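Here is the structure we will look at, set down as structure tokens.
The values are calculated or read from the model by the stated rules, or taken from the named source; none is laboratory data. Note that the structure is predicted; figures quoted are calculated from it, not measured. Heads up, the Cβs are rebuilt from the backbone with ideal geometry, glycines too, and the neighbour counts pull from every protein chain shown. Ligands, DNA and RNA are excluded from the accessible area calculation, which covers all protein heavy atoms including side chains. Shrake-Rupley method; radii C 1.70, N 1.55, O 1.52, S 1.80 Å.
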Amino acid sequence: MATKTILKLTGVGRQYGQGDTVLSILKGADFSLKSGEIVALVAPSGTGKSTLLHLAGLLEHPDEGEIHIDGEACGNLSDDRRTAIRRGDIGFVYQFHHLLPEFTALENIMMPQLIAGLPVKEAKERAAALLDYMRIGHRADHRPAELSGGEQQRVAIARAVANAPLLLLADEPTGNLDPETASYVFDALQALVRQSGLAAMIATHNHELAARMDRRVTLEGGKIIDF
Ligand SMILES: Nc1ncnc2c1ncn2[C@@H]1O[C@H](COP(=O)(O)OP(=O)(O)OP(=O)(O)O)[C@@H](O)[C@H]1O
């Protein structure tokens, strides 16, 4: 599979507050991530990991600089186009699974595909295949409350990649899990990323998991640096 740059940040700045209380989170930050690459984002609490993921996921606008997703400059795009990129090209996983409680695991994974306009049969087949891939096919008809924490996160990961995104952004995806389950869920996530060739950025406080990713970056002085 030929690699290409999926996420690119050029001179990105982001600050919160005004006047004397300005908090500069990112300042002239450059970064790029290729397809098939998994990068760990490891930085102390409050330094801007979530902010960076929100910017990369087009959930926030930078104050300076430009973000390209798959070669497309996103700064001046319409809200509709940004939403289309978010839905079609980007998958999100959070620390808490955010699954819809009244729907089954299978239905939760079908949902983004149905929103994207896929026929029910196709969405169902892909959801079932993803559940099997994550080794929780036997949990397809269970609601989130009936699943363990590790199973919930595996469903959330399957849902995030259901629309075959180019970029997966994960904010502490194993933060709520015990070390053994975290390791298992991370293995599943990594296998999925490898198999689909997508680019992934995973914020984590877990140095052991970070060591297993292709690259590690941190935030220092508003810049994104490899370490
Ligand atoms: N909307 C906002 N308005 C004002 N300040 C904000 C806003 N969002 C984040 N911040 C501040 O920006 C800083 C970075 O926040 P962020 O959530 O990105 O950090 P983080 O590295 O993800 O932290 P953690 O590891 O604790 O989740 C924090 O000091 C936070 O209080």
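Please enumerate the residues belonging to the stretch 94-111 that are farther than 12 Å from His142 by Cα and polar (S, T, N, Q).
Scanning the stretch 94-111 gives a single hit, Gln95.
Exactly one of (1) open to solvent by 30 Å² or more (accessible area, probe 1.4 Å); (2) farther than 15 Å from Leu130 by Cβ is unmet by Gln195. Its number?
(2)
From the list Ser24, Ser45, exactly one residue is touching a strand residue (DSSP E or B) at 6+ places or on another chain (Cβ under 8 Å) and over 21 Å from Pro144 (Cβ atoms). Which is it?
Numbers: Ser45 fails: touching a strand residue (DSSP E or B) at 6+ places or on another chain (Cβ under 8 Å).
Answer to the check: Ser24.
Report the residue count in the stretch 207-227 for those that are surrounded by fewer than 20 Cβ atoms within 10 Å (Cβ to Cβ) and either at pLDDT below 90 or within 16 Å of the ligand (Cβ to nearest atom) (or both).
So the count comes out to 9.
Report, by residue number, each residue of the stretch 1-30 that is open to solvent by less than 70 Å² (accessible area, probe 1.4 Å) and more than 15 Å from the ligand (Cβ to nearest atom).
Thr5, Ile6, Leu7, Thr10, Gly11, Gly28 - these are the residues of the stretch 1-30 that are open to solvent by less than 70 Å² (accessible area, probe 1.4 Å) and more than 15 Å from the ligand (Cβ to nearest atom).
Can you find a residue in the stretch 150-162 that is within 22 Å of Gly65 (Cβ to Cβ) and under 16 Å from the mean Cα position of the chain (by Cα)? Steps first, please.
From the stretch 150-162, those within 22 Å of Gly65 (Cβ to Cβ) are none; that's our starting set.
No: zero hits.
When His68 is evaluated against the numbered criteria (1) of a type outside the set (Asp, Glu); (2) open to solvent by less than 20 Å² (accessible area, probe 1.4 Å); (3) touching a Lys or Arg at 6+ places or on another chain (Cβ under 6 Å); (4) away from the ligand (no atom under 13 Å from the Cβ), which criterion, by number, is the only one it fails?
Of the numbered conditions (1) of a type outside the set (Asp, Glu); (2) open to solvent by less than 20 Å² (accessible area, probe 1.4 Å); (3) touching a Lys or Arg at 6+ places or on another chain (Cβ under 6 Å); (4) away from the ligand (no atom under 13 Å from the Cβ), the odd one out for His68 is (2).
Output the number of residues of the stretch 94-112 satisfying the condition of being open to solvent by less than 50 Å² (accessible area, probe 1.4 Å) and either acidic (Asp, Glu) or modelled with pLDDT under 95 (or both).
Counting residues in the stretch 94-112 that are open to solvent by less than 50 Å² (accessible area, probe 1.4 Å) and either acidic (Asp, Glu) or modelled with pLDDT under 95 (or both) gives 2.
Under 24 Å from Ile67 (Cα atoms) and part of a helix (DSSP H, G or I) - does that describe any residue in the stretch 93-108?
no
For a quick check of your reading: which strands (runs of 3 or more DSSP E) sit entirely within the stretch 112-227 and have at least 1 residues that are under 20 Å from Arg86 (Cβ atoms) and of a type in the set (Val, Ile, Thr)?
Details: elements: 167-171, 199-203, 215-220, 223-226.
Ranges flagged: 199-203.
Gly46: away from the ligand (no atom under 16 Å from the Cβ) and among the small types (Gly, Ala, Ser), yes or no? Explain how you work it out, then say what you get.
Numbers: away from the ligand (no atom under 16 Å from the Cβ): no; among the small types (Gly, Ala, Ser): yes.
Answer is no for this residue.
Is there a residue being within 20 Å of Tyr94 (Cβ to Cβ), of a type in the set (Gly, Ala, Ser) and open to solvent by 60 Å² or more (accessible area, probe 1.4 Å) anywhere in the stretch 33-56?
Within the stretch 33-56, the first condition is being within 20 Å of Tyr94 (Cβ to Cβ), and the residues that meet it are 33, 38-56.
Remaining after also requiring of a type in the set (Gly, Ala, Ser): 40, 43, 45-46, 48, 50, 56.
If we keep only those that are open to solvent by 60 Å² or more (accessible area, probe 1.4 Å) too, we end up with 45-46.
Yes, because at least one residue in the stretch 33-56 is within 20 Å of Tyr94 (Cβ to Cβ), of a type in the set (Gly, Ala, Ser) and open to solvent by 60 Å² or more (accessible area, probe 1.4 Å).
Whether any residue in the stretch 34-41 is at pLDDT 95 or above, within 16 Å of the ligand (Cβ to nearest atom) and either on the phi > 0 side of the Ramachandran plot or touching a helix residue (DSSP H, G or I) at 6+ places or on another chain (Cβ under 6 Å) (or both) is what I want to check.
Yes; the residues of the stretch 34-41 include at least one that is at pLDDT 95 or above, within 16 Å of the ligand (Cβ to nearest atom) and either on the phi > 0 side of the Ramachandran plot or touching a helix residue (DSSP H, G or I) at 6+ places or on another chain (Cβ under 6 Å) (or both).
Check whether at least one residue in the stretch 73-82 is in contact (Cβ under 8 Å) with a residue 24 or more places away in the chain and not basic (Lys, Arg), and report yes or no.
Kept after step one, since they are in contact (Cβ under 8 Å) with a residue 24 or more places away in the chain, are these residues of the stretch 73-82: 82.
Filter once more, keeping what is not basic (Lys, Arg): none.
Scanning the stretch 73-82, I find no residue that is in contact (Cβ under 8 Å) with a residue 24 or more places away in the chain and not basic (Lys, Arg), so the answer is no.
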